[in-house]
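Report on the structure given below.
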Amino acid sequence: YDQSALYSCLANVRLAFDPFTQFEYSNTAMGTLGVILERNYHKEYGEIIKQDLLEPLGLSNTSAYFDETD
């Protein structure tokens, strides 16, 4: 699932309810947040999470790196 697929999903999404009237977890929202973080920090998502979250908390056995898929 790359940025192109994410943008396509966002362009074609049909909301189940009016914004801010109900809330639920969204993988699409998490993907959008990842793109925003990458653009803001000029780093890959996994590196941002490692440097700004995992290392400060001492979580040395946790990672956020994802292999490319076909």
Kirkwood Rh in Å, taken over the chain so that all alpha-carbon pairs contribute: 14.2 Å
For the chain, built as a Gaussian network whose Cα springs stay under 10 Å, the top-fluctuating residue of N27, N12, N40: N12
Added length on full extension, which subtracts the Cα-Cα distance from 0.36 nm per residue, N61 to E44: 4.2 nm
Approximate spin-label separation L15-L53, in nm, with each point projected 7 Å along Cα-to-Cβ: 2.5 nm
Extension gain from T32 to S8, taking 0.36 nm per residue of separation minus the Cα-Cα distance: 7.5 nm
Ordering of 47-58, 13-24 by burial proxy (mean other Cβ atoms within 10 Å per residue, highest first): 47-58, 13-24
Heavy-atom accessible surface of the chain: percent carbon and sulfur, 1.4 Å: 53 percent
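The values are calculated or read from the model by the stated rules, or taken from the named source; none is laboratory data. These figures come from a predicted structure and were not determined experimentally. Note: ideal-geometry Cβ built from the backbone for every residue, glycine included; neighbour counts use all protein chains shown. Just the protein is used for accessible areas: all its heavy atoms, side chains included, with ligands, DNA and RNA removed. Shrake-Rupley method; radii C 1.70, N 1.55, O 1.52, S 1.80 Å.
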